[in-house]
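Worksheet for the structure shown next.
The values are calculated or read from the model by the stated rules, or taken from the named source; none is laboratory data. From a predicted model like this one, the values you see are computed outputs, not experimental measurements. Neighbour counts run over all protein chains shown; Cβ positions are idealised from the backbone, glycine included.
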Amino acid sequence: MKLDINNSQHAALLARYLCGEMAESECNDFEGLVNSEEENVKLVEIMKKQWKVIGGKEEPAVPDSTKAWDRLHSRLEADNLIPDQKLTARNFSRANYIRIAALILVLICTGAILFWSANRSKPSIEMVRLNTLNEENTLIKTLADGSVIYIGSNSLFSFPKEFAPDQRNVELKGEAFFDIALNPAKPFIIETEEAIIEVLGTAFNVRTSNGQNFELIVDRGKVKVTMKNQPGKSEYVIAGEKVTTVNNQIVKSKSTISEHPSWYKHRMHFKDEPLHAIFKVLNRNFNTTFASATPGIGNRKLTVTFDNESVETMTELICLSLNLKSQVKNDSIVLSESRTGDREN
């Protein structure tokens, strides 16, 4: 049975339980009722906290209804919920005391219950999870803020459909290269099994392994790393530096050119990505200058894999997939709508 604070009998039971006025057998029966429903347990926990706020004892050795009433009366009087007159426990029978105690508990707890119910019914943040399993491709995802994530094989990357107003939170298990869009007012925060990584706008590689090994190499910008087992200690890592874990301790050192990752540029797989996002990745990684003749073309979506292709081959694959044509204008490869028979390369 679910307890209802709007039910006078239930409210009276709750009041007697909190006042410590139940016999042992009755208290055991009531606690059994409470434990039979998860919502009952949460309700009683909330009411216990509220009872402490108004001065109720947590476990009174000897019930003292006079003192309890005095505390309740003072609370009612302070909140202007009763007329300004002197009331004592002697003016009321035990039954009246219980009814008044139940009333004040209802008044105090209704707001708390409504707040709890509202939070309970609030939908959780909807997350998108990209799992690459053991694919050899590098899955490339451009987020709504313009950040580009290169996800390695056997990795899981999770991000919200919509970022919060004050920060951008994502999660990673495995390996990924991050090219983060600059936004000083909205830090980008990555949670791994080992660490919390905070950035504003930078590029870096992160590799994790089941909570055992952690490595971060910064390509450009500055990154703040806080290990979960040392929450009070953070390291700031700049371009040309890396951090690793040794015996669960974070170690910072210089990174060599050979250590800087290039894996993310090989076998690049775009899945249902807008063409303007694909161009951004290609232009940055291969010094190309792809462009769209119109915004509409840039918004067209494409699923394609580039495996160490030449610029000419990539151009041809895109044009064939979306029925476009390409022209070189002012050193840029401009793609536009193609009509039958007029595609140029």
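Only residues that are assigned to a loop (DSSP other than H, G, I, E, B), in contact with a strand residue (DSSP E or B) (Cβ under 8 Å, 6 or more places away or on another chain) and not charged (D, E, K, R) were counted across segment 211-236, and they come to 2.
Looking for whichever is touching a Phe, Trp or Tyr at 6+ places or on another chain (Cβ under 8 Å), in the same structural domain as R220 (by TED's automatic domain parsing), in a strand (DSSP E or B) and not aromatic (F, W, Y) here; the options are V251, V304, V243. Which one fits?
Answer to the check: V243.
Only a single item in (1) modelled with pLDDT of 95 or more; (2) not in a helix (DSSP H, G or I) is not met by A277, and it is number (2). Among the residues of segment 123-133, at least one is at pLDDT 55 or above and more than 23 Å from A195 (Cα to Cα). Among the candidates L182, L200, L172, the residue that is closer than 20 Å to D145 by Cβ, aliphatic (A, V, I, L, M) and exposed (fewer than 15 other Cβ atoms within 10 Å of the Cβ) is uniquely L182.
Could you pull out the residue among K233, K301, K254 that is of a type in the set (D, E, K, R), at pLDDT below 90 and exposed (fewer than 15 other Cβ atoms within 10 Å of the Cβ)?
Working: K301 fails: at pLDDT below 90; K254 fails: at pLDDT below 90.
None of the other options fit; the residue is K233.
Screening the candidates T245, T202, T192 for the property of being touching a Ser or Thr at 6+ places or on another chain (Cβ under 8 Å) and not aromatic (F, W, Y) yields one hit, T192. Scanning segment 128-158 for residues that are touching a Leu at 6+ places or on another chain (Cβ under 6 Å), surrounded by 15 or more Cβ atoms within 10 Å (Cβ to Cβ) and farther than 22 Å from T202 by Cβ turns up just one, T132. Inside segment 177-208, can you point out the residues that are among the hydrophobic types (A, V, I, L, M, F, W, C) and either outside any strand (DSSP E or B) or closer than 18 Å to K280 by Cα (or both)? The answer is F177, F178, I180, A181, L182, A185, L200, A203, F204.
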